[in-house]
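See below for the structure under consideration.
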Amino acid sequence: MTMTTNKKVLEFVQSRVDLCKPAKVVWIDGSKELYDQLTKEALSTGEMIELNQEKLPGCLLHRTAVNDVARVENRTFICSRKEEDCGPTNNWWEPAKAYAELESILAGAYEGETMYVIPFSMGPVGGPISKIGIEITDSIYVVLNMRIMTRVGKNVLDALGDSNDFVRGTHAKCQVDPEKRYICQFPEDNAIISVNSAYGGNVLLGKKCFALRIASYQGKNEMWMAEHMLILGIEKPNKEIVYMAAAFPSACGKTNLAMLIPPEGYRKNGYKVFCVGDDIAWIKKGPDGRLYAINPENGFFGVAPGTNVKSNPNALAATQKNTIFTNVAHNMTDNTVWWEGLDKNPPEDCVDWTGKRVNGKTATEKLAHPNSRFTAPAVNCPCLSSEFENGAGVPISAFIFGGRRAKTAPLVYQARDWNNGVFVGSIMASETTAAATGAVGVVRRDPMAMRPFCGYHMGDYFRHWLDMGAMIDKDKQPKFFNVNWFRTDDEGHFIWPGFGDNMRVLDWMLKRIAGEVEGVETPIGVVPKAEDINLEGLDDFSVEKLQGILEVDKEGWKKEAEGIKEFYKTFGDKLPKELAEQADALQVRLNG
Ligand code: GTP
Ligand code: SPV
Ligand code: MN
């Protein structure tokens with residue numbers, strides 16, 4: 001059965017059949033019958049485990065190979081025709097060589113197996129900002145996750161019609177061999193090839209591979225932006241809703257901020273927060289000259305550890321049905337799931353994320369992998385924005401950048417204008433997390449949280465940000481802020497309470513956007529006067545503590561400025577001169 005007469009789609013699918021040699025081809029039509037049948041099959045082979053259907057209806061558990069639990073940045077390649085289009089923050093692989101090696105790995109890779117054809121839309125089907133992809137895979141896990149994370153089915157092919165404007169994604173599990181694992185993007189060919197992995201970020205090709213790496217390149221050419229940003233709306237007591245988009249690196253708080261529940265005092269006064277998206281934003285200039293953003297995804301691929309009724313009740317609620325859990329702990333007593341930070345009661349009879357049966361109370365290893373995840377449908381989220389299905393997007397009033405910094409970066413500051421805001425985004429630095437393989441807790445530069453996701457030269461990406469600003473009238477430009485929830489004290493404890501209390505910082509931003517409050521000028525930007533951050537209801541948090549984390553440490557920033565210049569040097573003549581000037585001006589202000 002095929003579902004389209006689109007010649008380009010049929011050619012692509014046939015090319016994969018010829019190369020990978022499957023025993024059978026199944027087109028994913030979006031019907032429940034087919035998903036049920038595939039789920040049954042995955043349950044029968046043990047690929048998926050059915051959880052307690054009374055407590056967690058429609059929920060499944062999956063464990064990946066122990067060497068395949070996170071994105072692999074050192075095995076991720078941008079295969080642009082010219083090396084100079086890849087840039088110093090990415091790995092480059094010459095397309096001809098990459099294709100040759102990948103095709104040798106893919107040759108016969110599906111022998112004896114079923115090949116699935118997944119037509120998917122990023123963004124509402126047929127929407128003005130949406131784009132279409134086809135993912136070919138041999139993994140039912142991928143099919144069932146793509147169903148949650150994107151819009152999948154025949155209607156996508158109908159929307160595509162005869163067009164050639166679709167991204168070609170090929171995935172094969174192969175032997176899950178880490179030595180032959182490659183995640184390759186071919187921006188000029190609209191193509192992605194991912195082999196030898198079955199971990200989400202590497203194989204759900206609509207997500208980082210398409211919606212960021214390929215789409216960032218498309219956005220540069222078509223004057224829009226693909227960003228690693230959550231989108232949230234804050235409803236004020238006067239019912240006005242202000243939308244903000246925030247870029248934090250992986251596992252640095254996007255899902256949590258996107259689903260924030262304001263502190264009681266705010267709720268009483270009529271403030272509400274709505275989630276439009278938790279990871280990716282596609283942003284385009286709208287008919288009224290403002291920037292509009294959509295969330296191209298259809299679900300949440302969220303970090304499980306640390307998610308609990310206090311930290312993020314909305315995310316937890318979203319995982320209570322039709323959710324796939326990956327690499328969490330399996331509670332054998334009632335066939336449910338558990339992870340570190342869910343509660344203080346690890347299951348005694350437990351299978352840990354590696355598949356080992358243990359007593360969770362006495363186990364010394366982590367029961368869930370630090371990068372264990374839930375794949376939950378967006379519609380499950382109690383605070384999902386009513387604009388979620390609006391293909392034209394929501395108007396953005398603020399861009400927020402942020403990272404995980406134990407020192408130096410204050411709780412919040414505001415950039416002076418668009419170009420200074422781009423500078424602030426470009427100098428972002430953050431401690432690495434378990435979302436990617438490699439050392440955890442090392443500070444590295446991660447411009448706009450896009451270092452692992454920019455599909456072209458980062459210097460050209462900065463230029464694109466500056467060009468986007470130049471296209472928007474000053475009075476319609478979003479304001480730029482930088483936040484850091486992660487300052488620690490001498491014992492290594494987080495100082496700021498974070499989570500729902502981050503509303504107090506967003507509130508200051510709202511007032512800045514409305515022009516209702518003055519700030520304090522510092523060399524790096526405008527910080528709040530301590531009295532302008534509402535601490536009502538925060539009993540054990542003093543104004544002195546707040547002053548401590550609002551302080552701009554000049555000596556620390558002088559070192560930071562030197563580090564920025566070093567980092568900037570790596571871009572050579574691709575660094576926009578506007579940003580070089582920004583770096584100089586920062587040094588002048590710090591020494592003044
Ligand atoms: P990706 O899905 O990898 O892109 O991550 P993310 O940016 O969505 O991060 P997420 O919201 O899942 O948070 C990651 C970790 O940071 C979790 O363990 C959270 O509990 C923790 N976290 C989130 N927000 C805060 C905060 O405000 N303060 C503190 N201390 N921790 C936070
Ligand atoms: C991230 O690492 O930023 C994620 C998870 O959102 S992944 O899909 O693995 O990229
Ligand atoms: Mn992410």
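Each residue, residue 553 and residue 472, gets one label point 7 Å from its Cα in the Cβ direction; the gap between the two is 3.2 nm.
Express the C-alpha Rg of the range 40-150 as a ratio against the empirical globular expectation 2.2 N^0.38 Å, rounded to two decimals. Could the numbers behind the result be given before it?
Values: Rg = 18.1 Å, N = 111, 2.2 N^0.38 = 13.2 Å.
Cα-based Rg divided by the globular estimate yields 1.37.
With the largest listed first and rounded to whole Å, the semi-axes of the equivalent ellipsoid of the range 344-444 from the Cα gyration tensor are 36, 24, 12. Candidate cross-link partners of residue 180 among the lysines, defined by an alpha-carbon separation under 19 Å and a same-chain spacing of 8 or more, comprise 97.
What's the ranking of 16-24, 213-221 by average number of surrounding C-beta atoms within 10 Å, highest first?
On the way: 16-24: 15.6, 213-221: 22.9.
So the order, starting with the most tightly packed, is 213-221, 16-24.
From the Cα gyration tensor of the range 1-95, with a ≥ b ≥ c the square roots of its eigenvalues, which class applies: rounded if a/c is under 1.5, or else prolate if a/b is larger than b/c, or else oblate? Because a/c hits 1.5 or more and a/b fails to exceed b/c, the range 1-95 counts as oblate. Kindly list the residues of the range 489-514 that lie in the label zone of residue 236, defined by a backbone N under 20 Å from the point 7 Å along the Cα-to-C-beta vector. Zone members listed by number: 502-514.
Give me the one-decimal Kirkwood hydrodynamic radius in Å for the range 145-255, with the sum taken over alpha-carbon pairs. Walk me through the numbers on the way to the answer.
Values: mean 1/r = 0.0612 Å⁻¹.
About 16.3 Å, per the Kirkwood formula over Cα pairs.
Using a Förster radius of 22 Å, what is the FRET efficiency between residue 21 and residue 321 based on their Cβ-Cβ separation? Nearest 0.05, please.
With a Förster radius of 22 Å, E is 0.05.
The slack in the chain from residue 104 to residue 267, taken as 0.36 nm per residue of separation less the alpha-carbon distance, amounts to 52.9 nm. Using only the C-alpha atoms, the convex hull of the range 444-592 corresponds to 155 Å³ per residue.
Please list the three semi-axes, largest first and in whole Å, of the ellipsoid equivalent to the range 82-221, using sqrt of 5 times the eigenvalues of its alpha carbon gyration tensor. Could you put the intermediate results ahead of the total?
Working: eigenvalues 103, 83, 32 Å².
Its equivalent ellipsoid spans semi-axes of 23, 20, 13 Å.
Checking every one of the trypsin sites (Lys or Arg not before Pro) in the range 69-101 against DSSP loop status and a limit of 16 other Cβ atoms within 10 Å picks out 81, 82.
The separation of the range 292-348 from the range 505-563, counted between C-alpha centres, amounts to 33 Å.
Close amide H pairs (under 5 Å, H built 1.01 Å from N) link residue 349 with 332, 333, 360, residues at least 5 positions away or on another chain. The sum of -39500 (n - 2.57) across all DSSP H runs of n ≥ 4, divided by the residue count of the chain, sets its helix-only mean residue ellipticity at 222 nm to -7500 deg cm²/dmol.
Determine the share of the range 1-72's accessible area contributed by carbon and sulfur atoms, expressed in whole percent, with a 1.4 angstrom probe. Intermediate results must be reported in sequence, preceding the final value.
Details: 1980 of 3770 Å².
That share works out to 52 percent.
What is the percent carbon and sulfur in the accessible area of the range 281-419, measuring with a 1.4 Å probe over the protein chains and ignoring ligands? Result for the range 281-419: 50 percent of the exposed heavy-atom area is carbon or sulfur.
Distances between every pair of Cα atoms in the chain, grouped in 20 Å steps from 0 to the bin holding the largest one, split as 21, 56, 23, 1 percent. Distance between the C-alpha centres of the range 189-240 and the range 573-592: 30 Å, rounded to the whole angstrom. Put simply, the Cα atoms of the range 431-473 extend 41, 19, 14 Å along their principal axes, the longest span coming first.
When the pairs 207/236; 479/529; 131/220; 310/529; 407/479; 55/344 are compared against a 22 Å limit on Cα-Cα distance, 207/236; 310/529; 407/479 fall above it.
Please list, in order, the residues from the range 304-340 whose amide nitrogen is less than 12 Å from a point placed 7 Å along the Cα→Cβ vector of residue 54. Of the residues in the range 304-340, 334-335 have backbone N under 12 Å from the label point off residue 54.
In Å², and per residue, what accessible area does the chain have when probed at 1.4 Å with the other protein chains present? Spell out each step's value before the answer.
Working: 22710 Å² over 592 residues.
Each residue of the chain exposes 38 Å² on average to a 1.4 Å probe.
Relative to the current alpha-carbon distance between residue 364 and residue 162, full extension at 0.36 nm per residue lengthens the span by 67.0 nm.
Between residue 489 and residue 562, the C-beta separation translates, for a Förster distance of 41 Å, into a calculated FRET efficiency of about 0.95. Amide H contacts under 5 Å for residue 117: 26, 27, 28, restricted to partners 5 or more places along the chain or on a different chain, H placed in the peptide plane at 1.01 Å from N. If one computes the Cα centroid of the range 1-53 and of the range 74-91, what distance in Å separates the two points? If you average the Cα positions of each part, the centres end up 32 Å apart. Where a ≥ b ≥ c are the square roots of the eigenvalues of the C-alpha gyration tensor, would you call the range 372-511 rounded, which needs a/c under 1.5, or, failing that, prolate if a/b is larger than b/c, or oblate? In terms of gyration-tensor shape, rounded. The protection proxy used here, the mean number of other Cβ atoms lying within 10 Å of each residue, ranks peptides 238-251, 535-548, 30-43 as follows, highest first: 238-251, 30-43, 535-548. Of the accessible area of the range 439-592, computed with a 1.4 Å probe over protein heavy atoms only, carbon and sulfur atoms account for 49 percent.
The values are calculated or read from the model by the stated rules, or taken from the named source; none is laboratory data. Computed from a predicted structure; not experimentally measured. Positions of Cβ are backbone-derived with ideal geometry, glycine not excepted, and every protein chain shown enters the neighbour counts. Remember, those area values only see protein heavy atoms, side chains included, never the ligands or the DNA or RNA. Shrake-Rupley method; radii C 1.70, N 1.55, O 1.52, S 1.80 Å.
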